[in-house]
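Derivation of every value follows stated rules applied to the coordinates shown; laboratory data play no part. Keep in mind the model is a prediction, meaning the values are calculated, not measured. FYI the Cβ positions are ideal-geometry reconstructions off the backbone, even for glycines, and counts take in every protein chain you see.
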Amino acid sequence: MVFSMSLTDEQVATQKWAHEFAEKEIRPVAPQYDESEEFPWPVVEKAREVGLYGLEYFQMAGSDESGLTSAIVNEEMTWGCAGITLAIFGTGLALAGLAGTGTPEQFGKWAPKMFTKDDGSTALGAFCVTEPGAGSDVSSLRTRAEKVEGGWLLNGRKCFITNGGIADVHVVVATVDPSLGHKGQATFLVPPGTPGIAGGKKERKLGIRASHTADVVLEDCFVPDECLLGGEDNLNRKMESAKTGTSVRKSGALSTFEATRPIVGSQALGIARAAFEFSRDYAKERVAFGKPIISNQGIAFKLADMATEIECARLLVWRAAWMGRAGVPFRQAEGSMSKLKAGEVAVKVTDEAIQILGGYGYVKDYPVEKWHRDSKIYTIFEGTSEIQRLVISRALAAVAS
């Protein structure tokens, strides 16, 4: 078999499809939504119309044997705007939580409801993990799930939740047995219209301002037994194994984030590429001291380093995406490596883009300051850079032993 890193004709066509949508539908309105912080419903509706939003899209991307389709699409879309892209694809995290912990029957029933309401209009999903006192430390979640007749009562408060409160379907990670840490947690699906769940404060953010981020409050929120993802027998087996010290399975939250980190990395890549391309083109046109500033070594070397770092990050992202699809274990935390590298590259590249543009890079008339603001979240959410380094170092220690 000949080794090739070329994209297939189908992947190239998909890449062009996503890029054209980003160029025509996302970029022109990105400044508007960045300024207003409103949820970009019209763009999400257009994405649904063309097939970029919906269960069918995620099934198509998931069927790609290489695992690269989702990474390719996410890079192109965030090239347009990260905030709007998160508005379009934020439901995918809830879908991943459902797929990772639910039964096939639960997935078949609830996955379509994350995208389409009963009346045929657009729906959203939200994955609810982070709490005011438990972000990176998911073992400290204080949201409780109490077994009652016929189901479960959920009580607690989640924060920094994408689509929180405006989603139709919320996937909530809660603690059943606090003594077991993350192994004593379970994942629950809260159906549309369930009493006891409400959106709280909407956050005003530095970047990704088109993406809705808010608290989710649960007060005696009752969900029936069928909404315990994976079922009660599976939960009991998991907790019994944890009590006897034989459990090795990660919690639903940890396994979901592990699977999605390469996709998060691909989004950071899109921001970095947008900033690099804009600053490169600016450097070709901007004349100082009688010549384009790209002729100056100080600028040229910046651009060379930016391009190199983007390519390095993309290789890590693509490898991790392929490993995840092929079922190759992340023995050295390759998923975390990809997210760590891509997030930090995005921050560095956008910072250098501002420097290349000088004063123009600092004003809103030019898009690089927005890309810099958008990039920072990629070193924070779904595991900070520090947590990624912790995950990687622990994996390396395990390999060494």
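Data table
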| quantity | calculated |
| --- | --- |
| Selected residue (criterion: nearest to ILE377 (Cα to Cα)) from residues of region 67-101 that are touching a Phe, Trp or Tyr at 6+ places or on another chain (Cβ under 7 Å) and among the small types (Gly, Ala, Ser) | GLY83 |
| Failed item, numbered, when SER139 is tested on (1) under 15 Å from GLY230 (Cβ atoms); (2) in a helix (DSSP H, G or I); (3) in contact with a Lys or Arg (Cβ under 9 Å, 6 or more places away or on another chain) | (1) |
| Enumeration of residues in region 18-45 that are touching a Phe, Trp or Tyr at 6+ places or on another chain (Cβ under 6 Å) and over 26 Å from THR69 (Cβ atoms) | none |
| Residues within region 275-317 that are acidic (Asp, Glu) and either free of Cβ contacts under 8 Å to residues at least 12 places away in the same chain or crowded, with 21+ Cβ neighbours inside 10 Å (or both), tallied | 4 |
| Failed condition for THR162, given (1) closer than 23 Å to GLY230 by Cα; (2) touching a helix residue (DSSP H, G or I) at 6+ places or on another chain (Cβ under 7 Å); (3) buried (at least 18 other Cβ atoms within 10 Å of the Cβ); (4) not acidic (Asp, Glu) | (1) |
| Residue in region 333-350 that is assigned to a loop (DSSP other than H, G, I, E, B) and either surrounded by 19 or more Cβ atoms within 10 Å (Cβ to Cβ) or touching a residue at least 60 places away in the same chain (Cβ under 8 Å) (or both) present | yes |
| Scan of region 351-395 for residues that are outside any helix (DSSP H, G or I), touching a Lys or Arg at 6+ places or on another chain (Cβ under 9 Å) and within 27 Å of ASN296 (Cα to Cα), ordered by number | LYS364, PRO367 |
| Residue within region 79-87 that is in contact (Cβ under 8 Å) with a residue 24 or more places away in the chain, touching a helix residue (DSSP H, G or I) at 6+ places or on another chain (Cβ under 7 Å) and surrounded by fewer than 21 Cβ atoms within 10 Å (Cβ to Cβ) present | no |
| Residue selected from region 165-193 under the condition in contact (Cβ under 8 Å) with a residue 24 or more places away in the chain and among the polar types (S, T, N, Q), by the criterion nearest to GLY97 (Cα to Cα) | THR187 |
